[in-house]
1. Please identify every one of the GluC sites (Glu not before Pro) in the stretch 141-241 that sits in a loop by DSSP and has no more than 11 other beta carbons within 10 Å of its own beta carbon.
2. Using mean Cβ contacts within 10 Å as the protection proxy, how do 497-508, 553-564 order, highest first?
3. Return the ratio Rg/(2.2 N^0.38 Å) for the stretch 45-130, where Rg is computed over Cα atoms only.
4. What angle, in degrees between 0 and 90 and rounded to the nearest 10, separates the Cα long axis of helix 363-374 from the longest principal axis of the Cα atoms of the chain?
5. Where only protein heavy atoms count, and the probe is 1.4 Å, what is the accessible area per residue for the chain in Å²?
6. Please compute the modelled spin-label separation between D477 and R77, points set 7 Å along Cα→Cβ, answer in nm with one decimal.
7. By how many degrees, 0 to 90 and rounded to 10, does the Cα axis of helix 272-297 deviate from the longest principal axis of the chain?
8. State the antiparallel share, in %, of DSSP beta bridges confined to the chain, rounding to the nearest 5.
Amino acid sequence: MELIINGRSVTPRPGQTLLDIVKEMGLVSGKLSTDPIAAKIAGDIFTLNYIPVREKDVGPDRESKRKAMAASGGVVRLLTYRDDAGYETYTRTAQFVLFLAIRQLWPKARAVMNFTLGSGLYIKVSGASDFSSEQLKARVAALVVQNIPLQRRRITTEEAISRYVSQGQTDKARLLAYRKTPTFDIYEYGDFADYYYGEMAPSTGFLKSWDILPAEQGFIFVFPDLKNPDRVAPYREMPHYFQVYNEGKQWGELMACETVADLNELVDSGKIRELIRVNEALHEKRYAQVADLICRRGAKAVMLAGPSSSGKTTSANRLAVQLRVHGKHPILMSLDDYYIDRDQILPGPDGKVDLEHINTIDTKLFGEHLDALLRGETVEIPSFNFKLGKREWHGHRMKLTEHSVIIVEGLHALNPLMLPEDMPHEAVFKVFVSPLLPLNLDDHNRIPTSYLRLLRRIVRDYATRNASVQKTMDMWDSVRRGEEKWIYPFRENADVIFNSATLYEAAVLKKYIFPLLTAVGPEEPCYDEVRAVVKILNFIHEADVDDEIPPTSLVREFIGGNSFYKK
């Protein structure tokens, strides 16, 4: 059988792995920046240990093709660290090595995946009084040098549950109890077995660039630099963000909902209704605290930013309600109204218009208007017509009173270019809104925060714009790149970071989104990304409790029924 690997034709020998083949092709140099780490075949991601032509499929009496090979026509695309799926493969491999090293050094310790902080991954370790990040680093380095093969083995789900129970990993056993299929794949070394719901590199030696730094109650694993994977990424501490993430974890502990198994038990017992009430109360309390801080400073403007589908609009409105409790007169403004006319925006090098770019906003005009308003002048505010792609003027005049507070909402609200250089610090209060989901699948597998935002956006786009999953996914990579460049660099400068995640919403969103995701076929470019989300949703029980969700909830911004959208 002939393969087409990255456009080159090659005839593999029966029993050869993809890794063996690409080595013979001269595509392995020992550099993470250029070496393949996984492969994409017919829309699916495969390990380089995959054998395209098995010996049992070739013989004098028969010649058959493996399912993936037949579906792709022998076409294989190699993935490197710079590809999203390659980065995720590297991450899973790192997780296996990290948790293996901890198991070897501190067998009774509990290590829990917590969250990412820029280029780092924070893992909390408990039950090891003598824990040392330096000792862990040395053991990880030794495991990498050993270049241990990472082979997957399939066992029954019942066997996997029994094994995890015997090893004291009850978090995994509880999760697998919700697995619908009779088999489960594990990666193992010695008496250690784990799995990370996706492919891994062929061996531990693929971890070329990394570092381990000490952190409060654990450590930070630092990833390779995406721009230059042959070196470790620069790591910048984010104490503000770290604190908010930890607060989210404390919310999970408070509401007895730290893992998907916990959430499922709440759904099955009906106690998810209480979870909703407590979660919404925590949000309301936090909005009230933010309003207190704004009034204590005497700020006249609030700049509220956040990534796509973070709940900025609802947050602005709920904050406005709390400011009214203080006797303030909140005025809502949107940076969208300061978009430059679409026909005036120059396309990028790829010929496309990047709508996430700061240059799509008339920052000069906005700064002049904000400065004039804070000086007590009357200003005519524009309105952007999205259908025509043009800014319009309808005589909307604004003048602040003694008790007025402007709430400005938009992707770029925290960008320093939005404010005049001589703007007094006390006049502006900065808020960053983002759903920092503290829910884990189990101790070693977190649910990426970006997945929750993606679920929200797909549901909202489908309901309000009749947009397909494929259309939303086509834009998602561009949206994420824009966030990394124009939003996240300024989040640590916020006076307050508001965690807009709710622990219950994955169970609520599932009934809206699951049929949409499972309808996406392998022929679609977004299939592997969709499948990764589906793997997580497969474990989550659906909750039909919309009647319990208040009309002012952040979740209502995405499933509908949000009272702030009613005229």
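1. E216
2. Peptide ranking by packing, descending: 497-508, 553-564.
3. 1.66
4. Taking Cα atoms only, the helix is inclined about 40 degrees.
5. Accessible surface, normalised per residue, equals 45 Å².
6. If labels sit at R77 and D477, their model points lie 0.7 nm apart.
7. Taking the Cα atoms of the chain, the angle to 272-297 is about 50 degrees.
8. Percentage antiparallel, nearest 5: 65.
The values are calculated or read from the model by the stated rules, or taken from the named source; none is laboratory data. Every value quoted in this text rests on a predicted model; they were computed, and no experiment measured them. Cβ atoms come from the backbone with ideal geometry, glycine included; neighbour counts cover every protein chain shown. Protein only, heavy atoms only, side chains kept; ligands, DNA and RNA dropped before computing areas. Shrake-Rupley method; radii C 1.70, N 1.55, O 1.52, S 1.80 Å.
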